[in-house]
Amino acid sequence: MAHVLLVEPDKPLADIYAEALINAGHTVDIRATAQSAVFAADDHMPDIVLLELQLTAHSGIEFLYEFRTYHEWEHIPIIVTSHVPAHELQSSHKLLKEQLGVTAYYYKPQLRLSDLLRLVKDATTPS
Amino acid sequence: MHIARRAELSRLHPQAQGQSLEDILISSETALSLIDNYVLSLQAMARGQDLIREPVSVSAVLHDAAHELLPAAKQYGVTLELDAGAKIEPVSMHRTSLQAAFVSLGHALIEALASTGATAQTPLKLAVHRSRYGVVAGLYCGREEITVEAFRRSQLLQGNVRQPHINLSAAAGAGVFVADALLKTMSTSLKVSRHHKQCGLAAILPPLNQLQLV
């Protein structure tokens, strides 16, 4: 089972995601801001990061730049689940996928919990 | 979205259904209240500034607003405080709109505080005090990001960007603008204010001196 770093500023939603992940056997560290998420990763290296792009002060993109500068975190899968619809980020697709190593991008209102659990399982299970 | 995901979680794990129903109830009541307040602001703007005003006790309005905000505050892990005990003269306002403004503002600030992860250290205070301009009533917290410049910038950005108050909230903070719109229909508006060294957003309300009985 995986250690999930959940970067989610919406507390009730973060609680729901965490509950579902814990019930599925994962451990979860919830962080609301980019800065505290970097500290959390430093304390306990995550197996996967679930990231919202709209954060207070520093954005999710800034977090991605910071996160990927550390060699030991280079290959940690990052799944972006955001309120920003995918079509609005089309121009940033290459940046997110190729430069910042985002594993997958999902529009949050359309991402069901069952899909989220499957994504986490797929991304953290060695092939 | 909270309701949909909570319901889905409840279906996946029926043993936690009691807590899920409670959360769904809070989320749906919060959403309905915010929609009501938004509709009220639109109706008030459409009617123009002809709301029926009455003598209103600001302390009572803040007390009722705090009571309405309490379930959402608990859900977001935010502590609410009320500092409305001072003897303040009544003001001339439309009571329903004034309470709706404070509730909308409260929801926006609760969401903002939770999105910084600093809820334990930063209670949200509903407070009223007297100033030389009138009765100042609003919501205050220990966030230094609430500045005149930041508030002015967010008003310019509103409707054009997803996060008009980027240093304060991860959300759109629509409640701030709904509150401002409601207050404007009563010839006042939201202003950046301080109460006991805490930053916040408040309205200056005209006191009704002829009704001052204390």
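The values are calculated or read from the model by the stated rules, or taken from the named source; none is laboratory data. Only a predicted model underlies this, so the values are computations on that prediction, with no experimental measurement involved. With ideal geometry, Cβ positions are generated from the backbone for all residues, glycine too; neighbour counts draw on all protein chains shown.
Of note:
- Pairs, first closer than 16 Å to B:Arg53 by Cα and part of a strand (DSSP E or B) in region B:202-214, second of a type in the set (Ser, Thr, Tyr) and modelled with pLDDT under 55, C-beta under 9 Å, six or more apart: none
- Taken over region A:88-104, the criterion of being within 14 Å of another protein chain (Cβ to nearest Cβ) and either acidic (Asp, Glu) or surrounded by fewer than 16 Cβ atoms within 10 Å (Cβ to Cβ) (or both) is satisfied by A:Glu88 alone.
- Residue match in region B:95-111 (condition: more than 30 Å from A:Ala14 (Cα to Cα) and not hydroxyl-bearing (Ser, Thr, Tyr)): yes
- Among residues that are over 12 Å from the mean Cα position of the chain (by Cα) and over 22 Å from B:Ser169 (Cα atoms), A:Glu62 is not included.
- Counted residues, region A:105-127 - those being within 14 Å of chain B (Cβ to nearest Cβ) and touching a Pro at 6+ places or on another chain (Cβ under 7 Å): 1
- Considering region B:201-214, and only residues there that are in contact with a strand residue (DSSP E or B) (Cβ under 9 Å, 6 or more places away or on another chain) and farther than 10 Å from B:Ala137 by Cα, the residue that is modelled with the lowest pLDDT turns out to be B:Leu211.
This table checks each residue for (1) within 16 Å of the chain's Cα centre (by Cα); (2) surrounded by fewer than 21 Cβ atoms within 10 Å (Cβ to Cβ).
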| position | (1), (2) |
| --- | --- |
| B:Arg95 | yes, yes |
| B:Gly106 | yes, no |
| B:His129 | no, yes |
| B:Gly175 | yes, no |
| B:Leu190 | yes, no |
| B:Ser193 | yes, no |
| B:Asn209 | no, yes |
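- Among the residues of region B:32-86, those that are modelled with pLDDT under 95, among the acidic types (Asp, Glu) and out of contact with any strand residue (DSSP E or B) (no Cβ under 7 Å at 6 or more places or on another chain) comprise B:Asp36, B:Asp50, B:Glu54.
- The lone exception for B:Met186 - which of (1) assigned to a loop (DSSP other than H, G, I, E, B); (2) surrounded by fewer than 24 Cβ atoms within 10 Å (Cβ to Cβ); (3) without any contact (Cβ under 8 Å) to a residue 60 or more places away in the chain it fails: (3)
- Of everything in region A:3-16 that is in contact with a strand residue (DSSP E or B) (Cβ under 6 Å, 6 or more places away or on another chain) and buried (at least 19 other Cβ atoms within 10 Å of the Cβ), the residue that is farthest from the other protein chains (Cβ to nearest Cβ) is A:Val4.
- The number of residues in region B:5-36 being more than 22 Å from B:Gly106 (Cβ to Cβ), touching a helix residue (DSSP H, G or I) at 6+ places or on another chain (Cβ under 8 Å) and more than 8 Å from every other protein chain (Cβ to nearest Cβ) comes to 5.
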